[in-house]
Amino acid sequence: MKTKSLIESLLFISGKPLSVGKLSEILKKDKQEIETAAEELMAELNTEAKGIHIQKAGSSYQMATNPQNTYIVKDFIKSEQTGELTKPSLETLTIIAYRGPITKAELEQIRGVNCSLIIRNLLIKGLVEAKEDREKMATTYNTTFDFLRFLGLNRVEELPDYEKLNSNENLKKLLEKDSAGQAEEAKTNEE
Amino acid sequence: MKTKSLIESLLFISGKPLSVGKLSEILKKDKQEIETAAEELMAELNTEAKGIHIQKAGSSYQMATNPQNTYIVKDFIKSEQTGELTKPSLETLTIIAYRGPITKAELEQIRGVNCSLIIRNLLIKGLVEAKEDREKMATTYNTTFDFLRFLGLNRVEELPDYEKLNSNENLKKLLEKDSAGQAEEAKTNEE
Amino acid sequence: MSYKIKLEQFEGPLDLLLQLIEQEKLDITELSLAKVTFQYLEYLNNEKDIATEELADFLVIAAKLLLIKSRLLLPQLEIEDEEGIDLESQLKIYREFYEASKVLTKMIGKKKFLFPRERMVIRIEKIFNPPKTLTAEKMKEIFSQVLHGLEVWVNLPQEVLIKTISIKERIANIQSMISQQATLRFGELLRSTNSKTEIIVTFLALLELVKQRTITVVQESVFDEIVIKRLSGEEREVINENPL
């Protein structure tokens, strides 16, 4: 009973196929028990009324949407890709343009809200790209070449008042202050 | 029936919270029908035996693992989410959770302290979200999915003594008495 | 006796007040608030860890406490309650959420976190899709607005600092006023004040002077008139056993 629920959680979170062997290793249960539970779970889920099914390939299991619902999944993905940008998205895009390469943490300090979903959205639309910054040990974001070309620019430096806006004093102060504050908070958290 | 299965597929595929509005847009069904189906689905899934639960924050739904399976899932994805929060942050979060949607002025009324910076930090951490309340002409705050995830809850109503603290008579009086002057202040502060 | 207050680390003025009341094993009433008023003020005066930007909040509550105390001390003195929120119910409500936050802390401690899927199952192919009406000029506008909005956050602590400095200046003024007279009744002192802020500043100045052993304050019992006496040089040498 419990095994079935655990398998369901793991298949859900992993997003890729998990073999009976791997499941048995994580759950510390023998393969026979895993397989029985997985088959039971599969029988339970793979009905017309369920939105999530389990697929089996070889000895691996994977979660997927009910094939009958595929059309709606496609609609959803399309809806993610189209549409004008919301005000928060535009704001984020602009900050990345003027201040890129910029980390998610810096972006959030400037905007004062969590930006995970917005960044994801900008990435999907090809307006922004991510890069690993080894020095900062963090992912940084930049506007894409495609987007600059769309604006009729060759480089971000050609954005109006780039010099002045890029090196704004308040911006500098805020980022300095917050990195100091965060370091302190991190310290107290460790205690 | 079908709607329930479609919602289940969409929540599974999206990997982020979906609002009733967004679901109704994609499925081309009215909000009332969406909400009824979503609540039914939630009731069906949120049992001990299931590996996948549905959480609700505000008017949005998201899929997540059953909190009872956390110990095994945590090992699997090696999550470093430790949930360390400072005491003032927790206090503020508690009030927002029980009383949200709540304005900054109301929050400060309860805590007796200026809360601008704490709210900002909670917004950045994604534990709290802001919304414009047109009626109150002020920004109101609510807890998010990330906050629920920390607590292992599916909705704020599952908080201990929620009914009591949410509808505290004294508090209502206190906030009403004070709301006229403070709402205005909040407006100017929030911009 | 002199108050040696040992408190857990407190967060904010209401937290401090609640701890003082609980330490004395009192219920939350106007009377108890009046009883812990001096302890609160003394704590405020001695505590060096209160950040400047938080001090203003502590002073607001101090003002409310002093208002209660003054009203009980001098019923004939009609002091208007400007904000109409009584500290007693505010503190009661605060306590409820304070208790709730302890429960939440325990819940978080159990680490029964939930996990959503981080990524979409189906990889979305990136299709370049720019917002059609966006121009470079418009981006400049948006970014300028963002920068403008930062002003508040960058200058926040400074504003509070200015507020606090002005309070300190007023304390200094009152200090010099008191030191020019040998004996002063507290009621007289209060009558010369116009606002709540001035009342609290008066109290704080008194405390400061008591600490410096410039004056001594005599009060027969909790609700009696407070008499302020300037100490001579020799008297200052004597350790003041009963400052308040």
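The values are calculated or read from the model by the stated rules, or taken from the named source; none is laboratory data. From a predicted model like this one, the values you see are computed outputs, not experimental measurements. Here the Cβ is made from the backbone with ideal geometry for all residues, glycine too, and neighbour counts use every protein chain on show.
For segment B:96-128, a residue qualifies if it is β-branched (Val, Ile, Thr) and within 16 Å of B:Asp146 (Cα to Cα), and the qualifying residues are B:Ile96, B:Ile119, B:Ile124, B:Val128. Return a yes/no flag: does segment C:93-114 have any residue that is more than 37 Å from the chain's Cα centre (by Cα), surrounded by 14 or more Cβ atoms within 10 Å (Cβ to Cβ) and at pLDDT 60 or above. Yes, segment C:93-114 contains at least one residue that is more than 37 Å from the chain's Cα centre (by Cα), surrounded by 14 or more Cβ atoms within 10 Å (Cβ to Cβ) and at pLDDT 60 or above. Just wondering, is there one or more residues in segment A:108-120 that are surrounded by 14 or more Cβ atoms within 10 Å (Cβ to Cβ), in contact with a Cys (Cβ under 6 Å, 6 or more places away or on another chain), over 29 Å from B:Ser5 (Cα atoms) and not aromatic (Phe, Trp, Tyr)? Taking every residue of segment A:108-120 in turn, at least one turns out to be surrounded by 14 or more Cβ atoms within 10 Å (Cβ to Cβ), in contact with a Cys (Cβ under 6 Å, 6 or more places away or on another chain), over 29 Å from B:Ser5 (Cα atoms) and not aromatic (Phe, Trp, Tyr). Contact annotation: residue pairs with Cβ atoms under 8 Å, 6 or more positions apart or on different chains, pairing a residue in segment A:157-181 that is within 9 Å of chain C (Cβ to nearest Cβ) with a partner that is modelled with pLDDT under 80, are A:Asn170/C:Val154; A:Lys173/C:Val154; A:Leu174/C:Trp153; A:Leu174/C:Val154; A:Lys177/C:Val154.
Specify the residue that is nearest to the other protein chains (Cβ to nearest Cβ); the eligible residues are those in segment B:19-61 that are in a helix (DSSP H, G or I) and closer than 18 Å to B:Glu158 by Cα. Taking the candidates together, the pick is B:Leu41.
Within segment C:92-108, residues that are within 7 Å of chain B (Cβ to nearest Cβ) and over 18 Å from C:Thr29 (Cα atoms) reach partners that are in a helix (DSSP H, G or I) and acidic (Asp, Glu) with beta carbons closer than 6 Å, at six or more positions or on different chains, in the pairs C:Ser101/B:Glu91. Contact annotation: residue pairs with Cβ atoms under 9 Å, 6 or more positions apart or on different chains, pairing a residue in segment B:98-126 that is facing chain A (nearest Cβ under 9 Å) and on the phi > 0 side of the Ramachandran plot with a partner that is aromatic (Phe, Trp, Tyr) and assigned to a helix (DSSP H, G or I), are B:Gly126/B:Phe145; B:Gly126/B:Phe147. When residues in segment B:135-167 are screened for being farther than 27 Å from B:Leu45 by Cα and in a loop (DSSP other than H, G, I, E, B), 4 of them pass. Which condition number does A:Pro88 fail, the rest of (1) within 12 Å of chain B (Cβ to nearest Cβ); (2) at pLDDT below 90 being met? A:Pro88 satisfies all of (1) within 12 Å of chain B (Cβ to nearest Cβ); (2) at pLDDT below 90 except (2).
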